[in-house]
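Scroll down for the structure; my scribbles are underneath it.
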Amino acid sequence: MTKKMKKVKVIDSMPSTGKTCWMLDHINEMDSDIKVIFITPFISETERVKEACKQRRFKLPNTRSGRGSKLRNLKDLLRNRENIAATHALFSNIDDEVIQLISDGNYMLVLDEVMNVITSLDIYKDDKLDNETTERIAAKDMKLLLENGNISIDANCKVYWIEGKEPLWYYRTLKDYIDREQVYFASDTYLFWVFPHEIFGNKIFKEIYILTYQFDYQIQSSYFKFFDIPYEKFGVTKTRKDRRCNWEFTFVSYADYLEYDFAKRKQMKELINICDSERLNEIGTRDKLNNGKGELLSKSDYDTRTPEELKDVQRKAISFFARHLGNKSSAMMWTVFKAHLPSITDKRLSKKHFVALNARATNEYRDKSGLIYLVNRFVNPFMNNLLLKRDVRIDQDMYALAEMLQWIFRSRLRNDEPIDIFIPSERMRNLLIKWLELEY
């Protein structure tokens, strides 16, 4: 009889509702025989885990103990069955040996925020090549390997190395990834790396938790569907326990959590002041610039804008900054696609206050009250094509909303304090308004 697949537990709750606090309390209350691997985006957060769970004596992988390699130190810690707090970046590099050590160790996994489980694969490691050049060379090399009989590609875009075909040194790294079943080539154009999905299967971890918000619309949810990995959603609510501002965090069913979520959104509606200036928003309003054709402020739109048109985006952002923030840069956070950061950066829109559009799981910007969101988000079309091979469909609007909300909640909104925000993209602005109106 086939063993029933364990469901991954997703704690799907709004940022600042206490997901991590509840999880740390839960870890402290668990049987000490159950070991924990806590994975978070930032090193600073691993220190927080260590401090909050002192009796667990969490270890943090480091290069010194690993004789120059954090991965080597991670393996040593797993052999010793230590509780471990590490970053997404390190966990993304796990190999078969790490997976076996985890399987042998009675471990529970906690993922603080989703990981980049499907991402572009750069096999060249040349800092001088831009992304576009790397993608073009990779596509050319893959077609050459296919023509020479070194590789094959199945109907789901998965790449296989033909047995007996020894790779040139240049392709050794690529072959290693292919042998681990981590390489997909979508639309004969785009090379993808995927995180080893067996990690989330039935044999590796005793239990798995993922802490995030709006998981159904994120790439890791689509990845789970692509590999038939079941998950179940729960929530955490935050209520004041006493007059001393102590909080109580409660693990609840997702249905019960939604009532709390709707109430929080009604509160957020009073705290978020969305810029409605027609003059400022015209850079992202379709009827104003392109008669409804194309998606303004998307990555492809930025790529085709002239220097003067990019300058106009900068001017509008600076105008909002001056009018709504009184040129007080310390209160501001802003974002744009990284490739176009040099075109938009100014002494007032400085890199010091730039926050990457995929920022999450950090409290570093919780004092920011003025937000400038200059992007219109879409899933990589080649990733979309890959997922469609197994009939996994992404809701582009909900994906964009989920990504934007993560960014917005880096600000002081997470403290239930008011913010002003400039979202010139008509599409993105309307998505936020509909979320606040409980239409999503």
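Of the residues making up segment 348-392, just one is free of Cβ contacts under 8 Å to residues at least 12 places away in the same chain and either in a loop (DSSP other than H, G, I, E, B) or in the same structural domain as residue 217 (by TED's automatic domain parsing) (or both), namely 391. In the condition set (1) surrounded by fewer than 17 Cβ atoms within 10 Å (Cβ to Cβ); (2) of a type in the set (Lys, Arg); (3) closer than 18 Å to residue 206 by Cα, residue 56 is compliant with all but (1). Selection of first residues in segment 185-212 that are touching a residue at least 60 places away in the same chain (Cβ under 8 Å) and within 15 Å of residue 116 (Cα to Cα) and of second residues that are buried (at least 18 other Cβ atoms within 10 Å of the Cβ) and of a type in the set (Lys, Arg), restricted to Cβ pairs under 6 Å at least 6 apart or on distinct chains, gives the following pairs, ordered by first then second residue: 211/19. Answer yes or no: is there a residue in segment 186-196 that is among the charged types (D, E, K, R) and touching a helix residue (DSSP H, G or I) at 6+ places or on another chain (Cβ under 9 Å). Taking every residue of segment 186-196 in turn, at least one turns out to be among the charged types (D, E, K, R) and touching a helix residue (DSSP H, G or I) at 6+ places or on another chain (Cβ under 9 Å).
Within segment 108-133, being under 27 Å from residue 40 (Cβ atoms) and outside any strand (DSSP E or B) holds for 113, 114, 115, 116, 117, 121, 122, 125, 127, 131. Scanning segment 1-24 for residues that are over 23 Å from residue 217 (Cα atoms), at pLDDT below 95 and in contact with a helix residue (DSSP H, G or I) (Cβ under 9 Å, 6 or more places away or on another chain) yields a single hit, 21.
Can you find, within segment 134-172, the residue that is farthest from residue 189 (Cα to Cα) among those that are of a type in the set (Phe, Trp, Tyr) and assigned to a helix (DSSP H, G or I)? Full working, then the answer.
Pass one, segment 134-172, residues of a type in the set (Phe, Trp, Tyr): 160-161, 169-171.
Among the residues that remain, those that are also assigned to a helix (DSSP H, G or I) are: 169-171.
Working: 169: 23, 170: 20, 171: 18 Å.
Across segment 134-172, the extreme among qualifying residues is 169.
Once segment 40-55 is narrowed to residues that are assigned to a helix (DSSP H, G or I) and β-branched (Val, Ile, Thr), the residue that is farthest from residue 82 (Cα to Cα) is 43.
Is it the case that some residue within segment 154-166 is within 30 Å of residue 12 (Cα to Cα) and outside the structural domain of residue 396 (by TED's automatic domain parsing)?
So in segment 154-166, the residues within 30 Å of residue 12 (Cα to Cα) come out as 156.
Imposing the further condition that a residue be outside the structural domain of residue 396 (by TED's automatic domain parsing) reduces the set to 156.
Yes; the residues of segment 154-166 include at least one that is within 30 Å of residue 12 (Cα to Cα) and outside the structural domain of residue 396 (by TED's automatic domain parsing).
Within segment 287-295, is even one residue over 26 Å from residue 18 (Cβ atoms), modelled with pLDDT of 95 or more and of a type outside the set (Asp, Glu)? For segment 287-295, residues over 26 Å from residue 18 (Cβ atoms), modelled with pLDDT of 95 or more and of a type outside the set (Asp, Glu): absent.
The values are calculated or read from the model by the stated rules, or taken from the named source; none is laboratory data. Just so it is clear, the model here is predicted, and its values are computed rather than measured. With ideal geometry, Cβ positions are generated from the backbone for all residues, glycine too; neighbour counts draw on all protein chains shown.
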